[in-house]
Structure formats: structure tokens, C-alpha cells
Protein chains: 2
Amino acid sequence: MKKVINAPEQVVEEMLQGIVLAHPQYVRRLEGFDVIVRTNAPVAGKVALVSGGGSGHEPSHGGFVGKGMLDSAVAGAVFTSPTPDQVYEAIKAVDSGKGVLLVIKNYTGDVMNFDMAAEMAEADGIKVAKVIVNDDVAVENSTWTTGRRGIAGTVFVHKIAGAKAETGADLEAVQQVAEKVIANVRSMGMALTPCTVPAAGKPGFTLAENEVEIGLGIHGEPGTHREELRSVDETTAHLMEKILADLKLASGDEVAVLVNGLGATPLMELYLVNRKVHQILSDASVKVAKTLVGNYMTSLEMAGFSISLLKLDAETKELLFAAADTPAFVQA
Amino acid sequence: MKKVINAPEQVVEEMLQGIVLAHPQYVRRLEGFDVIVRTNAPVAGKVALVSGGGSGHEPSHGGFVGKGMLDSAVAGAVFTSPTPDQVYEAIKAVDSGKGVLLVIKNYTGDVMNFDMAAEMAEADGIKVAKVIVNDDVAVENSTWTTGRRGIAGTVFVHKIAGAKAETGADLEAVQQVAEKVIANVRSMGMALTPCTVPAAGKPGFTLAENEVEIGLGIHGEPGTHREELRSVDETTAHLMEKILADLKLASGDEVAVLVNGLGATPLMELYLVNRKVHQILSDASVKVAKTLVGNYMTSLEMAGFSISLLKLDAETKELLFAAADTPAFVQA
């Protein structure tokens with residue numbers, strides 16, 4: 001295992017220290033917990049958004065804590081759900097009295113632990129709502145998941161529901177727009193290499209020299225199949241075919257695109273993917289309102305990428321373009 | 001070679017297409033050239049900044065074209081200087097009559113080709129000035145370089161000189177502040193793995209399973225030495241010692257920090273580096289005004305990182321915090 005770390009058991013603690021030291025204008029540590037909150041939390045008069053999950057997906061989710069996106073991110077051990085008490089502390093720390101929306105990726109552990117935390121907070125009289133993101137069209141049911149997995153499309157939920165919350169909307173309205181994003185976002189990825197969880201010390205799986213896995217999950221869960229590495233245009237066309245079969249776009253529709261790197265993929269290659277995504281959408285007379293290309297939800301040092309498409313309407317488009325100011329996503 | 005590409009000879013062309021398709025609000029292609037310019041170039045009443053170099057360092061430099069940073073980036077073949085005619089076309093495309101500053105990283109090919117382009121533009125009556133960035137303290141002279149190499153500290157030059165140009169300052173003043181940044185920025189890096197130039201098809205060098213190279217250049221040029229992988233705290237302390245021996249900070253000084261990933265390093269690990277950087281600076285009573293952590297100047301899929309420190313004064317600090325709006329760097 002070749003990693004720039006001190007000790008596997010310290011990586012989450014030390015990473016959280018490093019995040020807070022880097023971005024004190026945005027975030028602070030919730031003392032005694034693996035929880036990052038906005039510097040000015042709780043923000044008066046605003047529904048709060050809490051997300052999180054296992055660590056190793058940075059900048060998800062701590063990088064998206066700030067104005068116009070999340071109020072808190074809870075960091076579990078690497079690729080492991082945070083415990084209910086940690087999520088509960090996050091909810092209490094950010095609630096301004098207007099309620100808290102939990103944005104949960106669809107993994108059994110996350111869903112269960114965020115649910116328990118919600119019950120604990122509700123017992124304190126805090127209004128809590130939740131949404132579960134399941135944008136990965138690759139497979140139904142998977143290691144650690146019943147139904148579809150939540151992957152990089154989650155970033156659009158943070159952005160759009162976060163912008164809605166900034167308008168002063170109530171909890172039900174923020175939840176509704178988050179549900180709308182989830183209903184309209186689809187993703188699928190592929191990987192060229194595995195990654196190594198520090199505590200495990202060795203890669204979670206192996207791939208042959210010229211072999212890739214299509215539809216792989218962000219923790220290395222199996223995808224649809226393995227195949228020989230093809231050209232970026234062929235691979236992108238295949239992923240887009242699966243996404244578009246599920247999302248069903250019509251000529252004239254408008255979308256947002258996220259080409260997400262899994263951690264070790266050069267930006268050069270992500271732009272090659274983006275080129276083909278735009279060609280396919282252009283051929284289908286689908287308009288692209290906004291494109292994001294970069295590392296938004298990673299899997300440590302895994303090489304590979306995912307494509308997410310979000311079908312927009314007037315409301316989600318306006319919220320997508322609203323200002324945001326967080327460590328990993330700034331929009332004027 | 002496991003890469004998400006079509007063909008090695010197409011990567012730069014297709015990448016540039018992918019960049020322009022992703023960010024039409026920021027950049028456009030200079031028709032017929034491997035040159036990215038601001039959508040609204042030339043910007044009236046403003047000195048223009050042109051940078052560039054070999055491709056493979058994305059988001060450098062095309063990702064920094066936009067308001068408050070560069071007016072144009074010229075993309076050479078992977079790890080290869082752009083030719084003079086390409087740089088010349090960039091200069092002509094962005095000059096508003098107020099002159100053009102070339103920001104050149106100190107590699108013999110870049111310096112020579114940007115110089116020739118400057119002469120061609122001057123023969124047309126365009127005012128051209130240049131600065132040469134040589135922030136890498138690792139080694140004097142290197143493969144392709146006489147003197148010190150220019151690496152990630154260049155991003156601070158783009159940011160601060162770009163902000164100065166937005167104020168309407170003249171060419172001499174923009175050049176002066178760029179020179180001030182260069183005089184006050186120092187960097188050093190290390191690598192855990194090599195990277196593969198697509199046209200070469202195999203890694204540029206090899207490292208043993210537990211071996212790293214200290215002071216490695218962004219094209220894989222040799223560093224100071226190889227050693228067994230140490231802890232992040234030890235490695236960071238070593239790099240900081242070399243940087244601080246050269247930069248000579250005093251108690252009470254204020255700096256900006258850039259912890260730059262080389263392409264395949266998880267953000268988690270960069271934050272661990274950042275934690276130790278801040279501890280060392282805090283112990284020396286040096287104040288950190290701003291911290292950047294992420295992939296700013298990469299080496300394809302190389303694993304590793306560099307640390308850059310910029311000593312600030314009132315002018316450079318104000319310009320560092322000025323608004324910027326580019327594909328890879330946005331600041332409200």
C-alpha cells in the first residue's frame with residue numbers, strides 16, 4: 001500500500017483537521033465528533049441540509065459544506081457509514097428551528113443510521129425529513145444496497161436543494177425539490193483500477209492489465225460486467241446508452257452534465273469523456289445548460305469516471321445556477 | 001497503458017474540444033489553433049495574460065482562463081512546449097492594445113518558444129512583456145531546464161497578476177506584481193508513481209513498490225533523491241524544511257499555501273499534507289491567509305503532491321482575494 005498517510009486508523013481524524021485548517025472561512029469541526037458544519041451554523045431562518053457517508057469520497061461531502069449547499073457533512077470511517085450518534089449531533093448543531101433535510105445515498109448502512117439519527121432528533125422536537133439518492137442505473141441491488149446505489153448525482157441534490165433552502169423555503173418544499181432532482185438524475189460509471197482502503201492495506205479487487213469494470217460502484221461493488229478496455233468514445237457511448245434508456249430524454253429537453261473523476265483519472269481524460277457526452281446529447285437535440293468536469297465524488301485513488309445527467313425544469317435550472325460558496329464548489 | 005482515450009495523437013485536440021464544450025461561458029477555441037481564449041477576448045482596456053505549456057497538467061492552464069486570471073492558454077503536445085506560432089496567435093487574439101504579459105514556466109523549450117512568439121508580436125507593434133516562473137527549490141538545472149523549474153506556484157502568478165490586470169493597471173505594473181509573486185513563491189514536490197505520456201505508451205520511469213522520489217519535476221524529471229516511503233508528516237516536514245530554507249519566513253509573516261495533487265492522489269491525502277503544513281507554519285508563528293488544496297497543476301495520472309508557499313504583502317494579499325471566475329478557480 002503506497003499512501004501518503006501517517007497511520008490507517010488516523011486518516012479520517014487527520015483529514016478532518018486538514019479540511020478545517022484549509023477552509024476556516026467555510027467550515028468548523030463539531031468538537032468531539034467527525035462532523036463538519038458551516039462556520040455560522042445554525043443559519044437562522046433556513047432549513048439545514050445534512051449529508052455524509054463513509055470517508056474516501058472527497059470532496060464529498062465535507063467539501064460541499066457552505067453557503068448554498070450543505071450545512072453539515074458527517075464523515076464515517078473509510079467506505080463505512082457514520083454512526084447514528086454522529087449524524088444526530090450534526091442535526092442538532094445545524095437546526096435553526098426550521099428543520100433539517102437529510103440527503104442520504106442509498107446504502108443499507110447509511111439509510112439505517114441516518115434513520116435512527118432522525119428518530120433521535122425528532123424525539124428532541126426537531127423536524128427532520130430525508131431523501132434517498134439512487135442515481136446509479138448500473139445494477140439493481142448490490143453489495144450493501146437494496147435497490148439502486150447513490151453515486152455522483154448526489155452532488156446535484158446538494159446544489160439544488162441547498163439553493164432552495166437559501167431562499168427561506170420550508171422543509172417540505174426543500175424536500176420536494178430534492179425529490180425532483182432524484183427523480184430526474186441518472187448516473188453510471190466505470191473503473192480501470194481498484195483502490196485500497198487504508199485499514200485493509202490491499203486493493204478491494206483486481207483487474208487484469210487491459211481489463212475494466214463497467215458499472216462499478218464507488219466502493220468497488222460489482223458492476224454489470226468486465227470487458228477489455230475500449231476507446232473513450234465507445235465506453236462513453238455505452239454508459240450514455242444505459243443512462244438514456246432510463247432517463248428518457250426528448251428532443252428539446254435541457255440537462256446538466258457531471259463527468260466525475262473517481263480519484264486517479266487525469267482531467268484530460270475526463271474532458272475526452274465530456275466531448276463524447278456532448279456529441280451524443282447534441283445528436284439527440286438535447287440542450288446542455290451546465291457542465292461539471294472534475295473530481296466531485298471519488299473512490300480514493302481509483303481510476304475511472306462516472307457520467308451523471310440531470311434533466312432540468314425551470315425551477316431546478318434556476319436553483320442550479322444560484323450562487324454557492326463552499327470549499328469544493330463556488331459559483332458567483 | 002490503461003487510459004480512457006481514443007488515440008494518443010488525438011488527445012490534445014479532443015481535450016480542447018471537451019474543455020470548450022464544458023465551459024462555453026468562460027472560453028472559446030481560437031479557430032485552427034491549440035489555443036483557448038476568454039469568450040470575450042480581447043477585453044478592452046485590460047492588459048492580457050497568456051500562459052501555457054505542454055498538455056497533461058490540467059487544469060493548468062486552460063482551466064484558469066477567465067475573469068481575473070488568464071486571457072489565453074496555449075496547449076502544446078503532452079509534456080511538450082507549444083510552438084512559437086501558436087503562442088503568437090494567442091497574443092494577437094487577446095491584445096486589446098494595452099499589451100500582453102506572458103507567464104512562462106522555466107523550461108528551455110517554453111522560454112525559447114514564448115520568446116520567439118513575443119518577437120513576432122512585437123514586430124506587429126504589440127507590447128509584450130514576460131515573466132519566468134522558477135518556484136521549484138528541489139534542484140538547480142534539470143532535464144529540459146537551466147536554473148530552477150516552474151511548477152505549481154505558477155497558479156499564484158496567474159491569480160495575482162490576473163487580478164492586477166483587471167484593475168486596469170498598465171503592462172509594466174502587471175509585470176512587476178508578477179515578478180513580486182515569483183520572488184516570493186517556493187515549491188517542492190514528491191511522487192509515489194510515474195505517469196505515462198500517451199504517445200510513449202509506457203511510464204517515464206519506475207519506482208519500486210515502497211519507493212518514492214523527492215523533488216521530482218512535473219514531467220518526471222529527476223528530483224533530489226529516492227527513498228523509502230515515509231509517513232505524511234515526515235515527508236511534509238522534509239519538503240517544508242527545503243522550502244523554508246529558501247523562502248526565509250519570519251515570525252508574523254503571512255503566506256498563502258497551495259497543496260497541489262499531481263493527478264492520482266486522493267484529496268484525503270492532500271488534506272493530511274495540509275494539516276502538517278499548517279502545524280509547521282503555526283509553530284513558526286507564520287500566519288496563513290489562504291489555503292488551496294486540490295489538483296491545480298498535475299502530471300497526468302502521477303501520484304504525489306507538491307507544496308507551494310507564497311509570502312504575501314498587502315498588495316499581493318488583496319489581489320489574491322480579488323474575485324476570479326474561471327473553469328477551475330472561482331472566487332466570489
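The values are calculated or read from the model by the stated rules, or taken from the named source; none is laboratory data. Note that this is a predicted model, so its numbers are computed, not measured. Please note: Cβ atoms are built from the backbone with ideal geometry, for glycine as well, and neighbour counts cover all protein chains shown. Just the protein is used for accessible areas: all its heavy atoms, side chains included, with ligands, DNA and RNA removed. Shrake-Rupley method; radii C 1.70, N 1.55, O 1.52, S 1.80 Å.
When you scan the range B:19-34, do you find a residue that is of a type in the set (A, V, I, L, M, F, W, C) and touching a His at 6+ places or on another chain (Cβ under 6 Å), even just one? Walk me through how you get there before you give the answer.
Filtering the range B:19-34 for residues of a type in the set (A, V, I, L, M, F, W, C) gives B:19-22, B:27, B:30, B:33.
Okay, now just the ones that are also touching a His at 6+ places or on another chain (Cβ under 6 Å), so B:21.
Looking for residues that are of a type in the set (A, V, I, L, M, F, W, C) and touching a His at 6+ places or on another chain (Cβ under 6 Å), one finds at least one in the range B:19-34, hence yes.
Which of the following residues is touching a residue at least 24 places away in the same chain (Cβ under 8 Å), over 20 Å from the mean Cα position of the chain (by Cα) and either open to solvent by 30 Å² or more (accessible area, probe 1.4 Å) or closer than 22 Å to B:His23 by Cβ (or both): A:Glu211, A:Glu269?
Numbers: A:Glu211 fails: touching a residue at least 24 places away in the same chain (Cβ under 8 Å).
Testing whether each residue is touching a residue at least 24 places away in the same chain (Cβ under 8 Å), over 20 Å from the mean Cα position of the chain (by Cα) and either open to solvent by 30 Å² or more (accessible area, probe 1.4 Å) or closer than 22 Å to B:His23 by Cβ (or both) leaves just A:Glu269.
Kindly indicate whether A:Ile151 is surrounded by fewer than 24 Cβ atoms within 10 Å (Cβ to Cβ) and under 14 Å from the mean Cα position of the chain (by Cα). Break it down stepwise before answering.
Details: surrounded by fewer than 24 Cβ atoms within 10 Å (Cβ to Cβ): no; under 14 Å from the mean Cα position of the chain (by Cα): yes.
Spelling it out, it is not the case that A:Ile151 is surrounded by fewer than 24 Cβ atoms within 10 Å (Cβ to Cβ) and under 14 Å from the mean Cα position of the chain (by Cα).
Name every residue in the range B:41-83 that is among the acidic types (Asp, Glu) and farther than 14 Å from B:Met15 by Cα, in order of residue number.
So in the range B:41-83, the residues among the acidic types (Asp, Glu) come out as B:58, B:71.
B:Asp71, the sole residue that qualifies.
So, in the range B:174-193, exactly how many residues are open to solvent by less than 30 Å² (accessible area, probe 1.4 Å) and over 26 Å from B:Asp313 (Cβ atoms)? Explain how you work it out, then say what you get.
At the first step, the residues of the range B:174-193 found to be open to solvent by less than 30 Å² (accessible area, probe 1.4 Å) are B:174, B:177-178, B:181-182, B:185, B:187-192.
Still in the list and also over 26 Å from B:Asp313 (Cβ atoms): B:190-192.
Result for the range B:174-193: 3.
Among the residues of the range B:154-173 satisfying the criterion of being among the aliphatic types (A, V, I, L, M) and part of a helix (DSSP H, G or I), which is surrounded by the fewest Cβ atoms within 10 Å (Cβ to Cβ)?
First pass over the range B:154-173, keeping only residues among the aliphatic types (A, V, I, L, M): B:155, B:157, B:160-161, B:163, B:165, B:169, B:171, B:173.
Filter once more, so that each one left must be part of a helix (DSSP H, G or I): B:155, B:157, B:160-161, B:163, B:165, B:171, B:173.
Values: B:Val155: 29, B:Val157: 30, B:Ile160: 29, B:Ala161: 31, B:Ala163: 24, B:Ala165: 29, B:Leu171: 17, B:Ala173: 15.
Looking at residues that are among the aliphatic types (A, V, I, L, M) and part of a helix (DSSP H, G or I), I get B:Ala173.
Quick grid of which residues meet (1) at pLDDT below 95; (2) more than 14 Å from every other protein chain (Cβ to nearest Cβ); (3) open to solvent by less than 30 Å² (accessible area, probe 1.4 Å):
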| site | (1), (2), (3) |
| --- | --- |
| A:Thr196 | no, no, yes |
| A:Pro222 | yes, yes, no |
| A:Ala237 | no, no, no |
| A:Lys248 | yes, yes, no |
| A:Leu262 | no, no, yes |
| A:Thr265 | no, no, yes |
| A:His278 | no, no, yes |
| A:Ser282 | no, no, no |
| A:Gly294 | no, no, yes |
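Looking at (1) assigned by TED's automatic domain parsing to the domain that holds A:Phe305; (2) of a type in the set (A, V, I, L, M, F, W, C); (3) free of Cβ contacts under 8 Å to residues at least 12 places away in the same chain, which is the only condition A:Phe205 fails?
Answer for A:Phe205: the failing condition is (3).
Which condition breaks for A:Tyr26 when tested against (1) more than 18 Å from the chain's Cα centre (by Cα); (2) over 21 Å from A:Ala332 (Cα atoms)?
(2)
Tell me, which strands (runs of 3 or more DSSP E) wholly within the range A:5-79 include 1 or more residues that are within 11 Å of another protein chain (Cβ to nearest Cβ) and surrounded by fewer than 24 Cβ atoms within 10 Å (Cβ to Cβ)?
Per the criteria, A:72-78.
Using beta carbons and a limit of 9 Å, which pairs, at least six apart or on different chains, have the first residue in the range B:245-259 and assigned by TED's automatic domain parsing to the domain that holds B:Val288 and of a type in the set (S, T, N, Q) and the second one at pLDDT 95 or above and surrounded by fewer than 22 Cβ atoms within 10 Å (Cβ to Cβ)?
Matching pairs, first to second residue: B:Ser251/B:Ala284; B:Ser251/B:Ser285; B:Ser251/B:Val286.
Scan the range A:115-145 for residues that are buried (at least 16 other Cβ atoms within 10 Å of the Cβ), under 20 Å from A:Ala183 (Cβ atoms) and free of Cβ contacts under 8 Å to residues at least 60 places away in the same chain and jot them down.
Matches in the range A:115-145: A:Ala129, A:Lys130, A:Val131, A:Ile132, A:Val133, A:Asn134.
Restricting to the range A:287-332, count the residues that are β-branched (Val, Ile, Thr) and under 19 Å from A:Gly162 (Cα atoms).
Looking only at that region, the number is 4.
Please enumerate the residues belonging to the range A:180-202 that are in a helix (DSSP H, G or I) and either in contact (Cβ under 8 Å) with a residue 12 or more places away in the chain or under 27 Å from A:Asn6 (Cα atoms) (or both). Walk me through how you get there before you give the answer.
Of the range A:180-202, the ones in a helix (DSSP H, G or I) are A:180-184.
Hits for the range A:180-202 are A:Lys180, A:Val181, A:Ile182, A:Asn184.
Considering only residues that are crowded, with 24+ Cβ neighbours inside 10 Å and of a type in the set (S, T, N, Q), which ones fall in the range A:250-260?
Hit for the range A:250-260 is A:Asn260, nothing else.
Can you confirm whether A:Tyr107 is open to solvent by less than 30 Å² (accessible area, probe 1.4 Å) and hydroxyl-bearing (Ser, Thr, Tyr)? Talk me through it step by step, then tell me what you get.
Details: open to solvent by less than 30 Å² (accessible area, probe 1.4 Å): yes; hydroxyl-bearing (Ser, Thr, Tyr): yes.
So A:Tyr107 fits the description; yes.
Would it be correct to say that A:Ser96 is in a strand (DSSP E or B), of a type in the set (Ser, Thr, Tyr) and either on the phi < 0 side of the Ramachandran plot or modelled with pLDDT under 95 (or both)?
On the way: in a strand (DSSP E or B): no; of a type in the set (Ser, Thr, Tyr): yes; either on the phi < 0 side of the Ramachandran plot or modelled with pLDDT under 95 (or both): yes.
The answer is no for A:Ser96.
For the range A:198-208, enumerate the residues that are more than 12 Å from chain B (Cβ to nearest Cβ) and either touching a helix residue (DSSP H, G or I) at 6+ places or on another chain (Cβ under 8 Å) or open to solvent by less than 20 Å² (accessible area, probe 1.4 Å) (or both).
Passing the criteria: A:Ala199, A:Gly201.
Going through the range A:306-332 one residue at a time, which ones are over 15 Å from A:Phe64 (Cα atoms), open to solvent by less than 50 Å² (accessible area, probe 1.4 Å) and touching a helix residue (DSSP H, G or I) at 6+ places or on another chain (Cβ under 6 Å)?
A:Ile307, A:Leu309, A:Leu310, A:Thr316, A:Leu319, listed by residue number.
How many of the residues in the range A:240-290 are among the β-branched types (Val, Ile, Thr), farther than 30 Å from B:Thr265 by Cα and in contact with a Lys or Arg (Cβ under 7 Å, 6 or more places away or on another chain)? Talk me through it step by step, then tell me what you get.
Taking the range A:240-290 as the starting set, the residues that turn out to be among the β-branched types (Val, Ile, Thr) are A:243, A:255, A:257, A:259, A:265, A:273, A:277, A:280, A:286, A:288.
Then drop every residue that is not farther than 30 Å from B:Thr265 by Cα, which leaves A:255, A:280, A:286, A:288.
Cutting the leftovers down to in contact with a Lys or Arg (Cβ under 7 Å, 6 or more places away or on another chain) gives us A:255.
So the count comes out to 1.
Looking at B:Asp85 and the list (1) modelled with pLDDT of 95 or more; (2) within 27 Å of A:Val232 (Cα to Cα); (3) open to solvent by 30 Å² or more (accessible area, probe 1.4 Å); (4) not in a strand (DSSP E or B), which single condition is not satisfied?
(2)
If A:Gln331 passes every condition in (1) facing chain B (nearest Cβ under 8 Å); (2) touching a Pro at 6+ places or on another chain (Cβ under 7 Å); (3) of a type outside the set (Val, Ile, Thr) but one, which one does it miss?
In the conditions (1) facing chain B (nearest Cβ under 8 Å); (2) touching a Pro at 6+ places or on another chain (Cβ under 7 Å); (3) of a type outside the set (Val, Ile, Thr), A:Gln331 misses (2) alone.
Looking at (1) surrounded by fewer than 19 Cβ atoms within 10 Å (Cβ to Cβ); (2) within 26 Å of B:Ala323 (Cα to Cα), which is the one condition that is false for A:Lys290?
Unmet condition: (1).
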